[in-house]
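Bear in mind these aren't lab numbers, they're just calculated from the coordinates by the rules spelled out. Only a predicted model underlies this, so the values are computations on that prediction, with no experimental measurement involved. Cβ placement follows ideal geometry from the backbone for every residue including glycine, while neighbour counts extend to all protein chains displayed.
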Amino acid sequence: MSPADAVDAVLIKPAPIRLLSDRLETVCRTAPEVVPGIRHTRDAATRPSWPEHRTHGADTVLAEIVAAAVESIPTERTPPIARSLSVSRSHPEPIDGMTPQPYPVHGAGLGLRRSFLSALAEQSPAEVDFYEIAPENWIGMGGVNARRLRALTERHPFVCHGLSLSIGAPTPLDLHFVRQVKAFLDEHGIRAYTEHLSYCSDDGHLYDLLPIPFTEDAVRHVAGRVRRVQEILERRIALENVSYYGAPGQELSEIDFINAVLTEADCDLLLDVNNIHVNAVNHGYDPLAFLGALPGERIRYGHIAGHYVEAEDLRVDTHGADVIDPVWELLDLAYARFGVFPTLLERDFNIPPIDELVREVDRIKQIQQAHAARSARSAADA
C-alpha cells in the first residue's frame, strides 16, 4: 500500500496491546506524518520518515503510556457488563438548536477513499446511499481531488467522521481545529459529524486512538468538551464506541462509561458493531449483553468493518478485511433491537476493487430492507 493510500485511511487508530505477565506487546499500525491543513505542535522534521515509523514512534509512546498506567488498574476489575451506575445522573438542558432531528443520511454507506475517488467521479454505484470522509484528510486540500470531492458532496449525502478531535485528552481542546472542521462542514453542506470516544494527543498528536480511563472524572471531562464542540459546530455529534486493548484505571465498566458520557454530554451514539465484537473477544464479555445495555434512543448511525485475527483471544481492529459472519449477525441483532439506522462500511487497508466493496454495502441494505419489511408486516397486523 502506498503512503498516499495509507494517509487516506482511518489512520489514527489504537495500536493493539496485549498485557502479558512480564512485557507489553504492540501490533503497530501506520499513521500519517502530517495531516493536511491541521496544526501540529511537534516539528514535522523531527518525525521519522514514512517507512521507519512502522516500528517506532506511536507504538513506543503508547507503550510508555500504558506501562505507566498499568499500576493504577484496580485489583478487582469492574465487570464488563454492569446493570447501572451507582451515581445518579442529571439530564442537562439541550443546547438551543441541538434537539435531535432526523439524521441527514439514511440507508447504506461507504467510506470514501482516494484510491477509488476517480472511479466514483465517473459513476457512483446506485447501491451506495451516502459517503463518509475524515475531514482531517481534506481540510486545506486543493487540486483535482478537492474538485472531485466537491462534485461528490454536491450530488450525494455525506457524513464527516473525525480522527483528531481527541475528545478525551487531558490537554485543552483545540478550538482552532474545531472551527476548521465547522468551516469544512459548512462549505460542503455536511450536517453530520462523528468522532471516537478516545483521545490521541498530549503535547502533540500521538497517532493512536487511546482508551479514556473509565472514571467519573473522565465522564465529566469528556462531556464538557463534547458540549463545547457541539456549540461551536452548531450540530449534535455522535461518539463511536471504540476498540481498545488495555483499560488502565477502570472505576466503571465500559458500557456504563459510554452511557454516562452520552447522557451528560447529551450527544448521540455511533454504534460500531465490529468494535463490540473485537472488544468482546479481547476482554471476554458477552457482545449481546453489551448491545442490549446501550441506549437505543441515542443510536443515530452505525459502522461495520472487518478485522484481523492475531490469536484465538486477540482481534485487531484493522478495517483491512471482509466483514465476518458474527459481525453481520450482530448488525442484524442491533436492527432487531433498535430499529434500522444508517450504517456505513469502513475499509481502510487491503482495499479491493470498488465492485467488491459495493457488494458488502448492498448486504447492509438487504439486511435493512428485511427489517423494514418485517416492521411493515407487524404494523399491518396490529
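Each Lys and Arg Cβ is given +1 and each Asp and Glu Cβ -1; about its Cα centre, region 238-356 then shows a dipole of about 200 debye. With the alpha-carbon atoms of region 244-382 aligned to their principal axes, the span from lowest to highest coordinate is 50, 40, 26 Å, starting with the largest. A DSSP coil position with no more than 15 other Cβ atoms inside 10 Å describes the following GluC sites (Glu not before Pro) in region 296-335: E312. Full extension of the chain between E329 and N145 gives 62.6 nm of extra length, using 0.36 nm per residue less the Cα-Cα distance. Taking 0.36 nm per residue of separation and subtracting the Cα-Cα distance, full extension of the segment from D286 to D217 would add 22.2 nm.
What FRET efficiency, computed as 1/(1 + (r/R0)^6) with R0 = 30 Å and r the Cβ-Cβ distance, is obtained for T171 and D313, rounded to the nearest 0.05?
0.30
Charged neighbours of F338, selected by a Cβ distance under 11 Å, balance to +2 (K, R count +1; D, E count -1). Legend: Rg and Dmax of region 142-213, from Cα coordinates, 14.2, 42 Å.
Each Lys or Arg adds one and each Asp or Glu takes one away; over the other residues whose Cβ falls under 10 Å from the Cβ of G292, this sums to 0.
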